Amino acid sequence: MSILLAVILPVFLVIGVGWLAAKRGVISEAGIDGLMRFAQGFAIPCLLFQAIATLDLSENFDPRLVGTFYAGSFICFLIGMGGARLLFGRSWEDAVAIGFVALFSNSLLLGLPITERAFGPDATEANIAIIAVHSPFCYAVGITAMEIAKARGGPARAIPAKVLRAMFSNALIVGIALGLVVNLSGLPLPGVVAEALDLFVRAALPAALFGLGGVIARYRIEGDLPTILFTLSLSLVLHPAIAWGLGRLADLPEDAFRSVVVTAAMAPGANAYLFASMYGRATRVAASSVLLGTALSVLTAAVWLSLLT
C-alpha cells in the first residue's frame, strides 16, 4: 500500500484531475487537444531531445537492455496480432492495430514518472535509453505490418518510403533524432537555448498526464471486451514477465532491470489509439484498452513494484 500511495497514486491523481476537468466541462475538448498538441508536439520532444543530447550512450545504451525490452514487446505484438486474427476472427488490418496496442506500452507518460518516484531521478537513465528507441521501433513495426496487410497481392516496393515518411512526420522521433545528432557531434547548446529547453521540459510530464486524463474522458469501455482483456493481459502481465525472465538471463544491472520491468508493465499508451485511428482500424478496441489498461495499471504496477523492492 505504501508503494501505491507514495509512487503510483500521485501520477494517476494528475491523470484523474484531467479526466474530471474534462468530464465536468471545466476544460473543453478543444482545450485538451491544444494541451496535448503542446505536450506531444513541443514539450515532450524537447524532453527527449535534452535527455538524448546529454545521455552517456556508451554507459547507458546497453544492447542487452534494449534487446530485453523489445524482444518482449515484439513477442506481445505477434501474439496480439495472431490472437486477434485466429481467436477473434478480426481482419488482418484490425489484427495489426490490436497487436500494436500490445506493442506500445506507455513508456513515457507512465513508465518514466513511476520509475523516478519509485527509485529516484538517477534511476531513469535506462528508461531514457528505452524511450529513445520506443517510437521508432514501434512505428516501424506497426506501419510496416499494416502496409503489408493493406498491400496483400500488390507491389511491396512502396512500403519502405511510406514507413519512413510516417515515422519522420512524428515530432517525438524528430526530437530523438536531433538529440542524437547533438550527442554524437558534441555541439554545445547556447545558454539561452538550454534555459528555454528547461522551461519546456518542466512542463512536459504534468501537461501530458493532465491531457491524457482529458483524452481518456472521451471514451467508454464498450463491446469487444474479450479482445480488450486478451490484449491487456499481454501488456500488463506477459510483457513484464518476459522482461523479468530475459533481464535475469541477460544479467542486467539492477537499475536497468527495474526500468525494463516497470516500463514493460505499463498500460498501452495513447499512441496505440492514435495508430488505430490513423488507419481507421479497431479504434474501439484501442481506445477501450488505453482507458481500462490505465485504470488497471494502478494495481498491476503496484504488484510489479512490490516484487522489485
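The values are calculated or read from the model by the stated rules, or taken from the named source; none is laboratory data. What you see is a predicted model; the values in this text were computed from it and never measured. Ideal geometry is used to build each Cβ from the backbone, glycine not excepted, and the neighbour counts take in all protein chains shown.
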Note on segment 202-229: residues of a type in the set (Phe, Trp, Tyr) and in contact with a Gly (Cβ under 6 Å, 6 or more places away or on another chain) are PHE210
Does segment 151-165 contain any residue that is part of a helix (DSSP H, G or I), at pLDDT 80 or above and either surrounded by 12 or more Cβ atoms within 10 Å (Cβ to Cβ) or within 23 Å of the chain's Cα centre (by Cα) (or both)?
-> no
Among all residue pairs at least 6 apart or on different chains, which show Cβ distances below 9 Å where the first residue, located in segment 106-124, is within 22 Å of LEU292 (Cβ to Cβ) and the second is surrounded by fewer than 24 Cβ atoms within 10 Å (Cβ to Cβ) and of a type in the set (Phe, Trp, Tyr)?
-> LEU110/PHE12
Counting only residues that are in contact with an Asp or Glu (Cβ under 9 Å, 6 or more places away or on another chain) and not in a helix (DSSP H, G or I), which one in segment 281-309 is surrounded by the fewest Cβ atoms within 10 Å (Cβ to Cβ)?
-> ARG281
Taking the stated definitions as given, is VAL101 closer than 30 Å to GLY214 by Cβ, assigned to a loop (DSSP other than H, G, I, E, B) and either small (Gly, Ala, Ser) or modelled with pLDDT of 85 or more (or both)?
-> no
Give me a count of the residues in segment 166-203 that are among the small types (Gly, Ala, Ser), at pLDDT 85 or above and in a helix (DSSP H, G or I).
-> 8
If you go through segment 240-250 one residue at a time, do you hit one that is outside any helix (DSSP H, G or I), over 18 Å from ALA71 (Cα atoms) and over 18 Å from the mean Cα position of the chain (by Cα)?
-> no
Exactly one condition in (1) modelled with pLDDT of 90 or more; (2) in contact with a helix residue (DSSP H, G or I) (Cβ under 7 Å, 6 or more places away or on another chain) is not met by SER91; state its number.
-> (2)
For GLY211, are the conditions met, namely being at pLDDT below 85 and either of a type in the set (Ser, Thr, Tyr) or more than 16 Å from ILE131 (Cα to Cα) (or both)?
-> no
Go through (1) modelled with pLDDT under 90; (2) touching a His at 6+ places or on another chain (Cβ under 8 Å) and name the single condition ALA264 misses.
-> (1)
Under 6 Å by Cβ, and 6 or more places apart or on different chains, what pairs join a residue from segment 63-91 that is in a helix (DSSP H, G or I) with one that is aromatic (Phe, Trp, Tyr)?
-> TYR70/PHE137; GLY83/PHE230
